[in-house]
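Asks: First, the structure itself, so that you have it in front of you.
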Amino acid sequence: MKTTIAMLTASMATAILAHPFDTRSQQCNIAPSATPSAKIQPLSSPTASTAQACQKLCAADSSCKSFIFGLPANAKAPTCKLYSVPAAQVPNQGNNLYVFDKACSDKAVPNTKPTQDKPRGEVKSKAARDLVCNTAPSGASNSKIQPFATPSVKTAEKCQDACDAQASCQSFLFGLPADASAPVCKLYKVAPSKVPRRDDELYVFAKGCPAAKVPTTAPTHDEPRGQAPSEKQADNKSGTKTESKNDDKDQAQTGEKAKTSAKANNNNNNAAAANANNAGNNEQKHN
């Protein structure tokens, strides 16, 4: 019996050594912290537009164990570097480059293109497309569903930050009521679809709404939730087109005025020449 137990124990120990709990020690999307070493150099520096694409390149290379990815401060294109050592051994890089182990899960690897504000990009799930963001609440009236907090914030973005800071928060309301001078933010422990319907300017957002759908400007009575980044870009583009059209119109009007003025001057010159000729003919007759 003792021999059997000993054999089982040895077998389990061997299995653990052969398959360690790697998932507990994975480093994903963090600044590399190993001491710089000339011996540790990247295997390659392939082109990748996202951290997820960089990970796929690492997965395709049997010698790759980790990779770094990020958009350097003054760069137009991101950097992807593959390493033959675990992330824990990758030297500190600086300049927005973060390290990922090869086996990092999809939830930890950004799948959007990086920007200067988000130099590694963001992790966006497919479900994000179906999230309720900046819409009138439509849940049934229920007095039992009440906000658990009403933080004082100036924008929908800050209201979302307050929701993110609470593990129990699933959604939030935000807006500037018609008769108010300050916006209202309310946090809920229920999904957006369950937040009771209202007849005011407060709209509901899911906790995980992407940044492009959450207004970042202070609300006004004309824009009671403020403007989201995507809306501001649309307005800027519209404004640029309008200015361009106005410039073209002004140039056209200026051109027409110039033509009219030139034609008038031409007519005046012709009239003056005709008068001079008539005067000359009269003088010859008189002589």
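The values are calculated or read from the model by the stated rules, or taken from the named source; none is laboratory data. All of these numbers come straight from a predicted model, not from anything done at the bench. Because the Cβ atoms are built from the backbone with ideal geometry, glycine has one as well, and the counts that use them run over all protein chains shown.
Asks: Which one of the conditions (1) modelled with pLDDT under 95; (2) under 30 Å from residue 212 (Cβ atoms); (3) more than 24 Å from the chain's Cα centre (by Cα) does residue 58 fail to meet, given that it meets all the rest?
Replies: In the conditions (1) modelled with pLDDT under 95; (2) under 30 Å from residue 212 (Cβ atoms); (3) more than 24 Å from the chain's Cα centre (by Cα), residue 58 misses (1) alone.
Asks: What number of residues in the stretch 148-173 are closer than 24 Å to residue 229 by Cβ and either outside the structural domain of residue 220 (by TED's automatic domain parsing) or touching a Ser or Thr at 6+ places or on another chain (Cβ under 8 Å) (or both)?
Replies: Of the residues in that region, 4 qualify.
Asks: Still on this structure: If you scan the stretch 173-203, which residues turn out to be over 16 Å from residue 144 (Cα atoms), out of contact with any Pro (no Cβ under 8 Å at 6 or more places or on another chain) and either surrounded by 20 or more Cβ atoms within 10 Å (Cβ to Cβ) or hydroxyl-bearing (Ser, Thr, Tyr) (or both)?
Replies: The answer is 181, and nothing else.
Asks: Can I ask one more? Residue 45 passes all but one of (1) modelled with pLDDT of 95 or more; (2) within 23 Å of residue 106 (Cβ to Cβ); which number fails?
Replies: Just one mismatch for residue 45, condition (2).
Asks: Limited to the stretch 155-193, what total is found for residues that are hydrophobic (A, V, I, L, M, F, W, C) and either within 11 Å of residue 206 (Cα to Cα) or outside any loop (DSSP other than H, G, I, E, B) (or both)?
Replies: 13
Asks: If a residue must be among the hydroxyl-bearing types (Ser, Thr, Tyr) and surrounded by fewer than 16 Cβ atoms within 10 Å (Cβ to Cβ), how many such residues does the stretch 145-172 contain?
Replies: Result for the stretch 145-172: 3.
Condition check ((1) of a type in the set (Ser, Thr, Tyr); (2) more than 30 Å from residue 34 (Cβ to Cβ); (3) at pLDDT 90 or above) across all residues:
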| site | (1), (2), (3) |
| --- | --- |
| 114 | no, no, yes |
| 147 | no, yes, yes |
| 153 | no, yes, yes |
| 159 | no, yes, yes |
| 190 | no, yes, yes |
| 193 | yes, yes, yes |
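Asks: Now, a different point. How many residues does the stretch 194-216 hold that are closer than 20 Å to residue 140 by Cβ, assigned to a loop (DSSP other than H, G, I, E, B) and either acidic (Asp, Glu) or within 25 Å of the chain's Cα centre (by Cα) (or both)?
Replies: 3
Asks: If residue 52 satisfies every condition in (1) out of contact with any helix residue (DSSP H, G or I) (no Cβ under 8 Å at 6 or more places or on another chain); (2) more than 17 Å from residue 37 (Cβ to Cβ) but one, which is the exception?
Replies: Here residue 52 clears every test but (1).
Asks: For the stretch 94-123, what are the residues that are surrounded by fewer than 20 Cβ atoms within 10 Å (Cβ to Cβ) and more than 18 Å from the chain's Cα centre (by Cα)?
Replies: 94, 95, 102, 103, 105, 106 - these are the residues of the stretch 94-123 that are surrounded by fewer than 20 Cβ atoms within 10 Å (Cβ to Cβ) and more than 18 Å from the chain's Cα centre (by Cα).
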